[in-house]
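Visitor: What follows is a single structure, and I will ask about it in a moment.
Just so it is clear, none of the values below were taken in a lab; they were calculated from the coordinates. Since the model is a prediction, treat every value here as computed from it, not as a measurement. Positions of Cβ are backbone-derived with ideal geometry, glycine not excepted, and every protein chain shown enters the neighbour counts.
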Amino acid sequence: MAVKMKVLEFANKVSRKKMGSKAGIKATDPEYMILEPVVTEEMAEVAMCLGMRIPRSAEEISSMCGKPLDKTTELLWDLSMAGVCFVNKIDGVDKYWHDTWVPGIMEMMNNNLENVKKHPQIAEAFEAYGRVRGKATAGNFPVGVGLMRVIPIETAIDGNSRKASYEEVSKYLNDNSIFSVSDCSCRTAREAMGEGCGHLKEDMCIQMGHAAEYYIRTGRGREITRDEAFAIIKRAEENGLMHQIPNIDGVGKTHAICNCCGCSCLSLRTAEMFINTDMVRSNYVSHVDKEKCVACGECVEACPTNALHLGQKLCGKTPIVIPERETPRDNDWPEEMWNTDYRYNRTDVVDTGTSPCKTNCPAHIGIQGYIKLASLGRYTDALELIKRENPFPAVCGRICPRNCENDCTRGEIDDPIAIDEIKKFIAEQDLNSAHRYVPAKRHAYGKKIAVIGAGPAGLSCAYYLSIDGYKVTVFEKQKALGGMLTLGIPSFRLEKSVVNAEIEILKDLGVEFKLGFEVGKDASLDDLRKQGYEAFYMAIGAQGGRKLGIEGEEAQGVVSGVDFVRSINLGEKVELNGKVIVIGGGNVAIDVARSAVRVGSASMDLFCLENREQMPALDEEVEEAESEGIKVNNSWGPKRILTSGGKVTGVEFKKCVSVFDEIGRFAPSYDENQTITVEADHVLVSIGQSIEWGTLLEGSKAELNRNQTIKADALTWQTSQPDVFAGGDVVTGPKFAIDAIAAGKQAAISIHRFVQPGQSLTIGRSKRQYKSLNRADLVLSGYDRLPRQKAGHLDVAKAQIAFSDLRATFTEEQMKKETQRCLSCGATIVDTALCVGCGMCTTKCKFDAVTLVREYDGTGAAYEDLKPIVIKQMLTRKVRIAGKKFSRIFKN
């Protein structure tokens, strides 16, 4: 394609370069590429007569370019609509001028959404500009005079005696009288390139004064009031977006307020990719009070530049040294010093690790945080913190595997914290409809999403999607909600009223439920697509039993343990008379055995392959079973089921010598010479669960593994069928409810991105890779021993005949005593070289542990005054670099 020479000449004019020179703008540079699709040669001739930030009338420009006034006016309007120049009515006359590339022309051109859609090259050139030119700014702008500037969230600097008015968002809103709002130009560009981060662009950037007049006249933005502008600022902060302003209008002046995210903002990229924080930072730096910090991680996840990480608070034998980050302030800055993959390599934890409880929780809940909140009696705040990751704390307080307790540092001194009991106490507040926590909806996107399966994974996904304002319908083939929570777990472990109470919150959020509806049978995925559903989440669980594959298994009296418990939970009449054998060693097998005791079993034996230490069932579950008279027989595997007249009469077992091979794979071996025969009237088989897909995936590109789990991406949970996502047992095989709940939230994040145009499923996303601190290195000798609190005594005699949960909950006094045992292992660590001083972290902290400290005094400067300031900085930097190199030579 031929180069438009006048357009190229104008690109050089804006850049203040000599066309054709070595430093001049070329036809392959982003400055030309952004203009090329929409600026004609004739438009460029007129543009050459525009002043740089100097308003001129059409009459003046007509005289300069030698074109008729009406034609000049027409072309100036075309340039204004394209985004190449401003137009304002000044003293009753339209005046035109062009601004810098950024902030200025490139943003304005990207705010013409029709042009960007028609010519993605505009978006690509905008993105390329900072990537190509940004390296030249590294270290060469002092704090406060960069082209864009972070303005702290105002609540973060309230009360700071050193704050200046130009550091307050409210000043800029109060100083102006005309306002508009437009889509974010950076996120518009990212979306057009298919590289969106999930933070959407709509109605996010505010223009004021001359910019607002221009945006309103050219249809880039809609006019709003000052109160609406303040509301947009508030909504942005609530959604994790921080503020920046164009910083070229002079001290205390600007024409726009941008609400930005670190994963798409092309200005913040300067800080993240080039580690050139001074170019955009405010005068403030985040400071964490370690004594107050409880490593909940909320500030870490909210930080737009990944400057905050979870680390260790407790003292260790080996000092933890966090290396100081090199910056371009006093170093040469070649590409190997950059972080070019900053949108993909976000981390949450320092290399030396953080709290074991948060690390080992599958949902990575801020456990230290809710323990501290509970100790202060702030139960609603504690619930809110838990529900950031787990919508069902009351459920999990009763059935969680307690990974957090297994690795609790307190266990190195005496006993682990009773974390689950504390959570259970907090969650009791949520069961009362008068006190329960229902989150506010953040958006109103309105797109229809189908969740298939009403178990923990599906309900979790529905919860988080509904908060984002999606229209979620949960399809469940059974007549009850809750999946295995309701039908697979006995009521003596999890009361159905508890499950239903937490599901009620989803109904309050607007989630629709269709019971007795089997997708694949009553309607296909294609049928649902025709009804407007834009994405699907497969969460049908592992609801079937597994076969033993031995002789006699089809006899009357041999029943799947899963089916047995489901029948009880559905209210069917179930009676077991005589001798009962349960085969299996997991938690489900224990549930089956304990349920059998409650429906009339006179004799109960449980047989499993594993020895006692290898049993998958939790120790406490096994102990409860034994307290109810269930005999656990370890290291025996079924050889055949004995029958007479088609009915079961007993089971022959063979001795299991080992369960796993030398590399840990399940590969049981037996001593065939050691066998026993046990009489039985009923055999309940609980050796695992199977997935029953039916015709659900018919016509889909989704693929299954050999074990019938569905193939899904480990980070995004997307299957081979792009609009189908999956999670929970259908992906992992049978695991715990908390694992499914965690998967549901991550799938909700992916589905949100999938149904919105131009969004990546991975960019800017935490991989949630947590690492536990080294407990062996800790110095714990100075801590007193404090007894672990225990919930009220369980009456075994009553429990053995009851299907209700008779386990007690902590009293408030017990709960508070237990919270005092927490060692508060972790704390947040700030990388000050990456912190831009936005204050987002302070809005997320519930403990006043994070504050902004004023460390700089940069005031800003008008664009016209920048040159001598930058030259002075460049010379000073060269001296610092030379001095540093000389110092190294001298030391050597």
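Visitor: Hey, can you grab everything whose amide H is under 5 Å from the amide H of residue 640? Only 5+ residues off in sequence or another chain; H modelled, so Pro and N-termini drop out.
Guide: 652
Visitor: Just going by the charge dipole of the chain, with Lys and Arg at +1 and Asp and Glu at -1 on Cβ, which of 653, 879, 161 is farthest out on the positive end?
Guide: About the Cα centre, the residue reaching furthest to the positive side is 879.
Visitor: Continuing with the same structure: Round to the nearest 0.05 the FRET efficiency obtained for residue 514 and residue 627 when R0 = 51 Å and r is the Cβ-Cβ distance.
Guide: Working: r = 42 Å, r/R0 = 0.81.
Step by step, r from the Cβ atoms, then E = 0.75.
Visitor: Okay, moving on. With a Förster radius of 30 Å, plug the Cβ-Cβ distance of residue 320 and residue 870 into 1/(1 + (r/R0)^6) and report the FRET value to the nearest 0.05.
Guide: Working: r = 39 Å, r/R0 = 1.29.
It comes out at approximately 0.20.
Visitor: Further question on the same structure: Let me know the volume per residue of the alpha-carbon convex hull for the range 62-132, in Å³.
Guide: Working: hull volume 8.1 nm³, N = 71.
Value for the range 62-132: 114 Å³ per residue.
Visitor: So, by mean Cβ neighbours within 10 angstrom, what's the order for 688-697, 643-652, 867-876 with the highest one leading? Numbers along the way, then the final one.
Guide: On the way: 688-697: 17.6, 643-652: 15.6, 867-876: 12.8.
In decreasing order of mean packing, 688-697, 643-652, 867-876 become 688-697, 643-652, 867-876.
Visitor: Based on the mean of other beta carbon atoms within 10 Å per residue, what is the order of 235-245, 338-348, 726-736, most packed first?
Guide: Most protected by this proxy first, the peptides run 726-736, 235-245, 338-348.
Visitor: Once both labels are modelled 7 Å past Cα along the beta-carbon direction, what's the residue 251-residue 603 spacing in nm?
Guide: 9.4 nm
Visitor: Under a Cβ-only charge scheme (Lys and Arg +1, Asp and Glu -1), can you give me the dipole magnitude of the range 302-347 about the Cα centre, in debye to the nearest 20?
Guide: Values: 6 positive and 7 negative charges, 98 e Å.
My answer is approximately 460 debye.
Visitor: Considering every Cα-Cα pair within the range 267-402, what fraction, in whole percent, is farther apart than 23 Å?
Guide: On the way: 4316 of 9180 pairs.
That fraction is 47 percent.
Visitor: Calculate I(q)/I(0) for the range 763-892 by the Debye formula, one identical point scatterer on each C-alpha and no solvent, and give its log10 at q = 0.13, 0.15, 0.17 Å⁻¹ to two decimals.
Guide: -1.05, -1.16, -1.20
Visitor: Between helix 587-598 and the chain, what is the angle of the helix's C-alpha long axis to the longest principal axis, kept within 0 to 90° and rounded to the nearest 10?
Guide: 40 degrees
Visitor: Normalised by the number of residues in the range 445-527, what is the relative contact order in percent for Cα pairs under 8 Å and 6+ residues apart?
Guide: Values: 121 pairs, mean separation 29.0, N = 83.
Contact order relative to length: 35 percent.
Visitor: Pulled fully out, how much extra length does the chain show between residue 344 and residue 531, if you take 0.36 nm times their separation in residues and subtract their Cα-Cα distance? If you can, show how the numbers build up before the last one.
Guide: Numbers: separation 187, 0.36 × 187 = 67.32 nm, distance 3.53 nm.
In short, 63.8 nm is gained.
Visitor: Taking only Cα atoms, what is the 0 to 90° angle, nearest 10, from helix 737-755's long axis to the longest principal axis of the chain?
Guide: Helix 737-755 sits at roughly 30 degrees to that axis.
Visitor: About the Cα centre, and with charges only on the beta carbon of Lys, Arg (+1) and Asp, Glu (-1), how big is the dipole of the chain? Nearest 20 debye, please.
Guide: Values: 114 positive and 119 negative charges, 415 e Å.
My answer is approximately 2000 debye.
Visitor: What list of ³J(HN,Hα) couplings, whole Hz, do you get for the range 395-404 from phi and the Karplus terms 6.51, -1.76, 1.60, once you set θ to phi - 60° and write x for glycine and proline?
Guide: 4, 5, x, 10, 10, 5, x, 6, 4, 4
Visitor: Return P(r) of the range 476-553 (all Cα-Cα pairs; 10 Å bins starting at 0; whole %; ordered from short to long distances).
Guide: Reading upward from the zero bin: 14, 37, 31, 14, 4, 0.
Visitor: What does the charge dipole of the range 455-500 about its Cα centre add up to, to the nearest 20 debye, if the Cβ of each Lys and Arg holds +1 and the Cβ of each Asp and Glu holds -1?
Guide: Numbers: 5 positive and 3 negative charges, 32 e Å.
Charge dipole of the range 455-500: 160 debye, to the nearest 20.
Visitor: Counting every Cα pair in the chain, what percent are over 43 Å apart? Write out the running numbers ahead of the final one.
Guide: Numbers: 169701 of 397386 pairs.
In whole percent, the share of Cα-Cα pairs in the chain beyond 43 Å is 43.
Visitor: Would you please put 320-329, 419-428, 471-480 in order of how densely packed they are, using the mean number of other Cβ atoms within 10 angstrom per residue and starting with the highest? Working shown, then result.
Guide: Working: 320-329: 13.7, 419-428: 24.2, 471-480: 21.2.
Averaged packing, sorted descending, gives the order 419-428, 471-480, 320-329.
Visitor: Using just the Cα positions, wrap the range 399-509 in a convex hull and report its mean projected area in square nanometres, one decimal place. Walk me through the intermediate numbers first.
Guide: On the way: hull surface 34.3 nm².
Over every viewing direction, the Cα hull of the range 399-509 projects on average to 8.6 nm².
Visitor: With the radius of gyration and the Kirkwood radius both derived from the Cα set of the range 554-657, what is their ratio Rg to Rh? Could you put the intermediate results ahead of the total?
Guide: On the way: Rg = 13.4 Å, Rh = 14.1 Å.
So for the range 554-657, dividing Rg by the Kirkwood Rh gives 0.95.
Visitor: Could you work out how far apart the two model spin labels at residue 771 and residue 862 are, taking each label as a point 7 Å from the Cα in the direction of the beta carbon, and quote it in nm?
Guide: About 5.1 nm, to one decimal.
Visitor: Next question, about the same structure. Expressed as a whole percent, how much of the Cα-Cα distance distribution for the range 30-75 exceeds 11 Å? Intermediate results must be reported in sequence, preceding the final value.
Guide: Working: 682 of 1035 pairs.
Beyond 11 Å sits 66 percent of the P(r) for the range 30-75.
Visitor: What FRET efficiency do you get for residue 695 and residue 788 if R0 is 41 Å and r is their Cβ-Cβ distance, rounded to the nearest 0.05? Intermediate results must be reported in sequence, preceding the final value.
Guide: Details: r = 51 Å, r/R0 = 1.24.
For residue 695 and residue 788, the calculated efficiency is 0.20.
Visitor: Project the alpha carbons of the range 345-429 onto their principal axes and report the range along each, largest first, in whole Å.
Guide: The Cα atoms of the range 345-429 stretch 37, 35, 25 Å along the principal axes, largest first.
Visitor: Which value, in Å³ per residue, describes the convex hull spanned by the Cα atoms of the range 809-884? Mind showing how you got there, number by number?
Guide: Values: hull volume 12.0 nm³, N = 76.
That works out to 158 Å³ per residue.
Visitor: Could you run the Karplus curve 6.51 cos²θ - 1.76 cosθ + 1.60 with θ = phi - 60° over the range 9-21 and give me ³J(HN,Hα) per residue in whole Hz, x for Gly and Pro?
Guide: Coupling constants for the range 9-21: 5, 5, 4, 5, 4, 4, 7, 6, 10, 8, 4, x, 7 Hz.
Visitor: Using a Cα-Cα cut-off of under 30 Å, which lysines could be cross-linked to residue 22, ignoring same-chain neighbours fewer than 8 residues away?
Guide: Straight-line reach from residue 22, under 30 Å: 4, 6, 13, 135, 867, 872, 878.
Visitor: Can you list residues whose amide H is under 5 Å from residue 148's amide H, if they're 5+ apart or on another chain and H is modeled 1.01 Å from N?
Guide: Hits under the 5 Å cutoff: 247.
Visitor: Measuring from label point to label point, each 7 Å out along Cα→Cβ, what is the residue 657 to residue 59 span in nm?
Guide: It works out to 10.6 nm between the two label points.
Visitor: Now for a separate question. Multiply the residue gap between residue 69 and residue 48 by 0.36 nm, knock off their C-alpha separation, and tell me the result in nm, one decimal place. Walk me through the intermediate numbers first.
Guide: On the way: separation 21, 0.36 × 21 = 7.56 nm, distance 1.57 nm.
Between residue 69 and residue 48, full extension yields an extra 6.0 nm.
Visitor: Set Lys and Arg Cβ to +1 and Asp and Glu Cβ to -1, take the dipole of the chain about its Cα centre, and tell me which of 890, 808, 383 lies farthest positive.
Guide: 890
Visitor: Also, quick follow-up: Would you mind listing how long the range 63-222 runs along its three principal axes, going by Cα atoms, in whole Å with the largest first?
Guide: Principal extents (largest minus smallest coordinate, Cα): 58, 41, 32 Å.
Visitor: Here's another thing I want to ask about it. Kirkwood hydrodynamic radius (Cα pairs, Å) of the range 671-755?
Guide: Result for the range 671-755 stands at 15.3 Å.
Visitor: Go from 0 up to the bin containing the longest alpha carbon distance in the range 583-715, width 10 Å each, and give me the % of pairs per bin.
Guide: Spelled out bin by bin, the range 583-715 gives 11, 33, 31, 19, 7, 0 percent.
Visitor: Toward the positive end of the charge dipole of the chain, about the Cα centre and with charges on Cβ (Lys, Arg +1; Asp, Glu -1), which of 853, 19, 731 goes farthest?
Guide: It is 19.
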